[in-house]
């Protein structure tokens, strides 16, 4: 697997970033009969109004599940406090799933808190960082035009496994959201 630098931040506008994340979710939920993702939603609850970057709902076994997604464009790694705020929004809105997408990385405390509370953390990076060549002991990240690498991808790490979210590869995101692990050995 390519070694992706820690000190990179995807160069994407706030709105384009949020719409990209919405598209990721729509791709992950495309096989569900009832799945809807909405951008820039305001939820009014008894303790206040919450602005949510992406709000999604889907139905499984007759029950409706809600997902809150926050998109953060910080210059430095996301701190634990940012994940705690999302966790509190989940509680206040009665939402079952939470996800935080960031153009920077995540501090270890944020990762630990997210894992303990079932919140997915996904780093959005430029796709070129998935194409590495080595020459004279230097790594370069400039894929040739024929490599057909998407402009942006999601780097999703669960435990010791890291996957890249891009067109045709949203199974791990679907597993987090819907619990629909595809096991090729079960056929």
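Coordinate-derived values only; no laboratory data. Please read these numbers as outputs of a predicted model, since none were measured by experiment. Cβ atoms come from the backbone with ideal geometry, glycine included; neighbour counts cover every protein chain shown.
Each Cα pair under 8 Å and six or more residues apart adds its separation to the average, and for segment 14-178 the resulting relative contact order is 16 percent.
Per residue of the chain, the DSSP helices (runs of n ≥ 4 H) give a summed -39500 (n - 2.57) that works out to -7500 deg cm²/dmol at 222 nm.
The residue 148 and residue 39 beta-carbon pair, evaluated with R₀ = 35 Å, returns a calculated FRET efficiency of approximately 0.80. Comparing the chain with the 2.2 N^0.38 Å rule of thumb, its C-alpha radius of gyration ratio is 1.06 (two decimals). Averaged over residues, the count of other Cβ atoms within 10 Å places the peptides 15-28, 58-71, 37-50 in the sequence 15-28, 58-71, 37-50, highest first.
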